[in-house]
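Peer 1: Got a structure for you, written out below as structure tokens; questions coming shortly.
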Amino acid sequence: MKICIPTETNEGKAAQVYGHFGSAPYFTICDLKDDTIEIVDNTNQHHEHGMCQPVRALAGKIVDAVVCGGMGARAVMMLNEGGMKTYRAIAGSVEEVIKRYKAGSLEEITIENACASHGCH
């Protein structure tokens with residue numbers, strides 16, 4: 001199981017969750033089975049609202065779920081179509097998010113409860 005967590009920095013498990021999926025500087029991909037971390041620069045970080053390409057931004061990485069502060073309905077739909085579930089994380093570190101994910105205590109983001117604009121969470 002691999003989860004992708006958009007982060008402010010490239011500090012691995014110490015990195016803080018970024019507030020919104022599409023404009024995050026980095027994607028921290030956590031392999032929960034192997035307990036490994038991969039950091040990916042978000043090459044699609046600067047885009048007009050509603051124009052992010054979440055699957056393209058992950059550059060073909062195998063990811064089962066995305067956990068972030070928030071994302072728009074279009075991104076949720078695109079990720080779901082790519083076979084990825086989406087979950088809402090509260091502010092904190094990647095390590096804290098992993099613990100909450102494993103405990104099953106994160107809210108799933110759906111088209112109905114997605115963000116309407118950048119900055120929501």
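Please treat every number below as a calculation from the coordinates, not as lab data. Everything numeric in this text was worked out from a predicted model, so none of it was measured. Ideal geometry is used to build each Cβ from the backbone, glycine not excepted, and the neighbour counts take in all protein chains shown.
Peer 1: In debye to the nearest 20, how big a dipole does segment 2-108 give about its Cα centre with +1 on each Lys and Arg Cβ and -1 on each Asp and Glu Cβ?
Peer 2: On the way: 11 positive and 14 negative charges, 46 e Å.
With only Lys, Arg, Asp and Glu charged at Cβ, the dipole is about 220 debye.
Peer 1: Straight distance only, please: which lysines reach the Cα of Lys99 with their own Cα at less than 16 Å, same-chain residues fewer than 8 apart left out?
Peer 2: Once the sequence-local lysines are set aside, what remains near Lys99 is Lys2, Lys13, Lys33.
Peer 1: Turning to a different aspect of this structure: Over the Cα atoms of segment 2-108, how large are the radius of gyration and the largest Cα-Cα distance (Dmax), in Å?
Peer 2: Both quantities, over Cα of segment 2-108: 12.2, 36 Å.
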